[in-house]
Each structure stands twice: as structure tokens, then as C-alpha cells.
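First up is the structure itself, then whatever we jot down about it.
The values are calculated or read from the model by the stated rules, or taken from the named source; none is laboratory data. In this text, all values refer to a predicted model and were calculated from it rather than measured experimentally. FYI the Cβ positions are ideal-geometry reconstructions off the backbone, even for glycines, and counts take in every protein chain you see. When the accessible area is computed, the model is the full protein with side chains, heavy atoms only, and any ligands, DNA or RNA have been set aside. Shrake-Rupley method; radii C 1.70, N 1.55, O 1.52, S 1.80 Å.
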Amino acid sequence: MATTSEKSTELLNATAELTVAGRKVRLEMPVSAGPVRLAELLPLFRSMTDAFVEVSVANARAEGLEVSCKKGCGACCRQLVPIAEIEARRLREVVEALPEPRKSTILARFEDARQRLARAGLLEKLRQPRQFRDEEVIPFGMDYFQQGIACPFLEEESCSIYTERPLACREYLVVTPAEHCAAPTVESVTCVKLVLRTARAVRGLNAEHSEHGSPWVALILALEWADAHPDQSSPQPGPAWVREAFSRLTGHEVPEIGT
Ligand code: SF4
């Protein structure tokens, strides 16, 4: 991987060239030169995710596989979606900015979901992601899916916040028949094999630098989590964030970004 940058008054125009799974990926990233909070890099993480998903889909096609996800199929939007702390706060902002009566409708859906989870005995556990053992995640996810709780942003089986959707949603694409997603199991649903897992890397990076250290936040609890956890994280220069993100993503030390 090579990284370079051009300095402007406040932004660095960083570029990264990677070869992943035999394919070249070039990313151009405006990054703040000065200290910023991790949340400000969310647009960059979205671009990275979309670029790596594109390569992953191209690889799947080269193997004769077709993505079966399409507009109007929102079966996966009833799954437990893990998001980073910065994404939870962003969703709070997105909902806050909605006009009425849509905002109240979305808030009511979040509240209804919370009540259903409480009745199912899943709410308290979901509020404590740090207490999940690795082997508990899949069975809990199955229990969650059984509740049939649609994401509050799902409308007419499509995502109503498509450009704002979390990284995990961007990465979730399947190559098995869409009807299998109505009752997914590890055996019946196969996802596109990701060349790099940006959502997971960002969650890890976020947790490491957060005073709360939550490995993930459930999308369905994003608003209550964001309300209880204002961003008090420490800023650091944009290029330092980018280096850390790429190091986590690739598992290799990334050289300092030139300025
Ligand atoms: S944010 Fe959008 S894509 Fe993600 S689960 Fe909700 S409706 Fe589906």
C-alpha cells in the first residue's frame, strides 16, 4: 500500500493505493490536517467500505456468483446490526434532523422495538455488548431475528436512509437465493466474501479510542446509547487516524502519511 498527500489550508488530499485480492484499489480522501475526532472520518470510512465492497462483488462475479440483494428486499434489515459508537451518534443526528411527522414516526418505531426486546428478555443483554462471549453472538443473533423487529429506517422493504446507512449494512450482501434470507442460518445464507472488513476495523478503532470502549452498539439501541454517551473522545490529526485505520484493516503497520 502506498499513501501520499497534498496539503491545502486545512485539508490533506490523501491517496491510498492498495492491491487487495489481486485487484488495485485507489482511494482519494480529503482528511483534516489538524486534530479531529474520529466521528469526522465517518464519510471517509463509508467511501472505503463502498470501494472494498465493490472489489468483493467483482471477485464474487469472477467466481460465477451473483449478488441477490435488490431494492425492495429488506429481510436482512431484521437482523441484529452491530455499529460503531460514532455511527450510533450519527444516526441520532440523522433522526434529529428529520422533519415532523417523520421524526416522531421513527422515534416511535425505536421505542416499539425496545419494548418488544424487553418483552422477549433480550433488551438488557443487548445493552451490554462487552459481556457477550464470542460463541454467544450467533445464537443471540438468531433469537433477535426471531422477534421479526424491522429496523426503524426500513420502509416498504427499502432503506430510507440509504446514504447514511451504517458500514455493516453496506457490507452485507448475499449470493444465495433471496428467499433464504427470510429464515437465515449459517448454512443457508452465504455472504459476499469481503476482501477487507472495514466495519469491523472501524468498530475496533472506535472502541480502542473511546472512554466507553463498547465493541459495538446495536443499531436498534443507537439512539438511547447516543443520548447516554456524548462524544468526549480526544481528537488527533486526521492522517494519524487514517494510518491507524489502515493498519487495523490490513493487519500491517502503515508508514507515516507524507505532508
Ligand atoms: S439502516 Fe437501512 S440497510 Fe441498515 S438495517 Fe436499517 S433499513 Fe436496513
- prompt: Heavy-atom accessible area per residue, the chain, 1.4 Å probe: how many Å²?
  reply: 52
message: Can you give the log10 of the normalised intensity I(q)/I(0) at q = 0.14, 0.15, 0.18, 0.24 Å⁻¹, computed with Debye over equal Cα scatterers of the stretch 37-150?
response: -0.87, -1.00, -1.29, -1.32
- prompt: Of the listed peptides 236-244, 195-203, 104-112, 179-187, what is their order by residue-averaged count of other C-beta atoms within 10 Å, with the highest listed first?
  reply: 195-203, 236-244, 104-112, 179-187
query: Spin-label point model (7 Å from Cα, Cβ direction): what's the residue 98 to residue 188 distance in nm?
result: 3.0
query: Can you pull the percent of the chain's accessible area that's carbon plus sulfur, 1.4 Å probe, other chains left in place?
result: 51
- request: Could you calculate the contour length gain from residue 128 to residue 180, that is, 0.36 nm times the residue separation minus the distance between their Cα atoms, to one decimal place in nm?
  value: 15.7 nm
task: Among 174, 144, 184, pick out the residue whose Cα is farthest towards the positive end of the charge dipole of the stretch 38-233, where Lys and Arg carry +1 and Asp and Glu carry -1 on C-beta, about the Cα centre.
output: 184
query: List the cysteines of the chain that have no other Cys Cβ closer than 4.7 Å: which are they?
result: 69, 73, 76, 159, 169, 181, 191
statement: Computed over all unlike Cα pairs, the Kirkwood hydrodynamic radius of the chain in Å stands at 19.5
- prompt: If ligands, DNA and RNA are left out, what is the accessible area of residue 96 with a 1.4 Å probe, given in Å² to the nearest 10?
  reply: 90
message: Under the 0.36 nm per residue contour assumption, what length would be gained going from the current alpha-carbon distance of residue 229 and residue 28 to full extension?
response: 69.2 nm
- prompt: Which far-off residues, 5 or more places away or on another chain, put their amide H under 5 Å from the one on residue 155, with H placed in the peptide plane?
  reply: 160
query: Which order do 231, 143 take when ranked by solvent-accessible area (1.4 Å probe, heavy atoms of all protein chains), largest first?
result: 143, 231
- prompt: Counting pairs of alpha carbon atoms under 8 Å apart in space and at least six apart in sequence, what relative contact order in percent does the chain give?
  reply: 32
message: What's the magnitude of the charge dipole for the chain around its Cα centre, counting Lys and Arg as +1 and Asp and Glu as -1 at the beta-carbon? Answer in Debye, nearest 20.
response: 220
field: Relative contact order for the stretch 1-102, counting Cα pairs under 8 Å that sit 6 or more residues apart, in percent
entry: 16
